[in-house]
Amino acid sequence: MDIMANDFSKGKVWKNIIYQAIPLMLAQLVQLLYNVVDRIYIGHLPGADSMALTGIGLAFPLTTLVAAFTCLFGTGGTPLFSIARGAGEEERAEKILGNTFSLLLGSSLVILAFCYLFRKPVLYLFGASDASYVYADAYLRIYLFGTSFTMLATGLNGFINAQGFPRMGMLTTMLGAVLNLVLDPLFIFCFHMGVGGAAFATVLSQIVSCLWVLRFLAGGKARFSIKKQYLKVEGKLALEIISLGLAGFIMQATNCLVQIVCNATLKIYGGDLYVGIMTVINSVREILSLPVGGLTSGSQPVLGYDYGAKRYGRVCQGIRFTAVLGILYTLLAWLVVIQCPRLLLSVFTEDAAMLEAGTGAMGLYFFGFFFMAFQFAGQSSFTALGYARHAIFFSLLRKAVIVAPLTVLLPKFGLGVDGVFLAEPISNAIGGLASFLTMYVVLYRKLKREGAQQGQESLG
């Protein structure tokens, strides 16, 4: 393979980003189907009412914890890998890949053991009742056995995209998700396994995705592959990976914190019904956030490569394109929520009480949804270019400093359950603008100046 075939410093920046982003969005959509399809089927279980969805909602924090550790190593290794590629450091790039594989595998085994052994007290701590625990445990005790497969498939798939194979990256998740789509109704309804059947179908699908990723990265098609001599974790390199991945880890870990706080607070002020409503709203948010998340994730290999190649003007072009397109999309998504909240809720449940109460809650939760695009643009730019401390700070600011405390405090000031749903748009506005404006002042303006100097020197 010609090394220049996937050279992101060539061609129009926006085309490179779209070329990366579209297959990645499709891959993320397919990946999202793993959980969303589960929730859709579970929400329509005969005789379960809203309790099955409530149980799944209680399991969310632990599944989010798995995602957090995946981000710690996956989103930490991938930008370093892209920067190394752009700088022509091929051996370092393969070391990053090998070390990331070992870190993902080792951490997944520890997480599996911990979560499985302590799942009962943890679920009750998260706000489970005796009725909802039955569903949460039935799902979680099976789902956890797919931890290693999930982390390896998701954490390593970015290395396929970063090598310029976004369509192959899309296929890695598409195979498993299509299988999940087929197996879910089979295990849930035909084999009468209920919630446990949804988890079993998901685990089987994750295994398929993982084997596909490993087959590609260990085979001859990838320019940079997993090699035995680079599997031993090097302390210094691991720290670099963890340092850059901390932003993604904290974002997911604080998501876990917010889910715990939301579920526990809603249990107090609204009961199991509102825990179920939050489960549905989170599902809708994941779907509507996917395009802007895919866009910013797709921009990272391009920004990282051009930054490593010292093409600063192109980096600025990529940041501008990503921010503008993200804002326009999230404005459109907000309009969709305003126009048809009940329709979006009905995809996941037929429960009349949940539909009635959920309509107002969704309007509050998604208010000013476009501010999320500012958070995505600022966060992804810091991460792509190796500004780990900035990325970490703004991950903590929005979730841990703003939304989690507001989730607890607003209901106490007479807002009740409405206060829980209002905490999200407030955090989006404050945290998103703070992240984007800081990125503009600290990073973008500096790159723009350096790009202009390069242009003058080339003319001279």
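A few comments on the model shown:
- Meets criteria (within 30 Å of Asp137 (Cα to Cα), in contact (Cβ under 8 Å) with a residue 24 or more places away in the chain, small (Gly, Ala, Ser) and part of a helix (DSSP H, G or I)) for Gly196: yes
- Scanning segment 91-117 for residues that are of a type outside the set (Gly, Ala, Ser) and under 17 Å from Glu240 (Cα atoms) returns Glu91, Arg92, Glu94, Lys95, Ile96, Leu97, Asn99, Thr100, Phe101, Leu103, Leu104.
- Number of the condition not met by Leu447 [criteria: (1) more than 27 Å from Asn263 (Cβ to Cβ); (2) open to solvent by 60 Å² or more (accessible area, probe 1.4 Å)]: (2)
- Helices (runs of 4 or more DSSP H) completely within segment 341-424 that count 2 or more residues being closer than 30 Å to Ile17 by Cβ and not charged (D, E, K, R): 371-384, 388-396
- Test: residue in segment 120-138 that is closer than 30 Å to Leu303 by Cα and part of a helix (DSSP H, G or I): no
- Exclusive hit being modelled with pLDDT of 85 or more, crowded, with 20+ Cβ neighbours inside 10 Å and closer than 17 Å to Phe371 by Cα, set Leu295, Leu303: Leu295
- One residue stands out in segment 39-90 among those that are charged (D, E, K, R) and within 30 Å of Glu240 (Cα to Cα): the one that is surrounded by the most Cβ atoms within 10 Å (Cβ to Cβ), namely Arg85.
- Check on Pro405, surrounded by fewer than 21 Cβ atoms within 10 Å (Cβ to Cβ), more than 21 Å from the chain's Cα centre (by Cα) and not aliphatic (A, V, I, L, M): yes
- For segment 107-115, the criterion of a residue being touching a Gly at 6+ places or on another chain (Cβ under 6 Å), in contact (Cβ under 8 Å) with a residue 12 or more places away in the chain and outside any loop (DSSP other than H, G, I, E, B) is satisfied by no position.
- For segment 391-408, the criterion of a residue being touching a helix residue (DSSP H, G or I) at 6+ places or on another chain (Cβ under 7 Å) and at positive phi is satisfied by no position.
For (1) touching a strand residue (DSSP E or B) at 6+ places or on another chain (Cβ under 7 Å); (2) open to solvent by 60 Å² or more (accessible area, probe 1.4 Å); (3) within 18 Å of Asp38 (Cα to Cα), each residue gets a yes or a no:
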{"position": "Lys120", "(1), (2), (3)": "no, yes, no"}
{"position": "Gly146", "(1), (2), (3)": "no, no, yes"}
{"position": "Thr150", "(1), (2), (3)": "no, no, yes"}
{"position": "Gly169", "(1), (2), (3)": "no, no, no"}
{"position": "Leu179", "(1), (2), (3)": "no, no, yes"}
{"position": "Leu186", "(1), (2), (3)": "no, yes, yes"}
{"position": "Gly194", "(1), (2), (3)": "no, no, yes"}
{"position": "Gly197", "(1), (2), (3)": "no, no, yes"}
{"position": "Ser209", "(1), (2), (3)": "no, no, yes"}
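- In the set Ala253, Ala222, Ala247, Ala218, only one residue is small (Gly, Ala, Ser) and open to solvent by 50 Å² or more (accessible area, probe 1.4 Å); that residue is Ala218.
- Leading residue by the ranking (farthest from Ala400 (Cα to Cα)) among those in segment 232-244 that are modelled with pLDDT of 90 or more and open to solvent by 30 Å² or more (accessible area, probe 1.4 Å): Lys232
- The single residue among Ser346, Ser427, Ser395 that is within 18 Å of Gly293 (Cβ to Cβ), polar (S, T, N, Q) and either open to solvent by 10 Å² or more (accessible area, probe 1.4 Å) or at pLDDT below 90 (or both) turns out to be Ser395.
- Gly158 being in a helix (DSSP H, G or I) and modelled with pLDDT of 90 or more: no
- Among the numbered conditions (1) under 24 Å from the mean Cα position of the chain (by Cα); (2) not in a helix (DSSP H, G or I), the only one that Gly88 does not meet is (1).
- Within segment 305-333, residues that are part of a loop (DSSP other than H, G, I, E, B) reach partners that are modelled with pLDDT under 85 and open to solvent by less than 60 Å² (accessible area, probe 1.4 Å) with beta carbons closer than 7 Å, at six or more positions or on different chains, in the pairs Ala309/Ser9; Ala309/Gly86; Arg311/Ser9.
The values are calculated or read from the model by the stated rules, or taken from the named source; none is laboratory data. Fair warning: this is a prediction, and the values are worked out from it, not measured in the lab. Positions of Cβ are generated from backbone atoms using ideal geometry, with glycine treated the same way; all protein chains shown enter the neighbour counts. Each accessible area value is taken on the protein alone, full model and side chains, heavy atoms only, with ligands, DNA and RNA left out. Shrake-Rupley method; radii C 1.70, N 1.55, O 1.52, S 1.80 Å.
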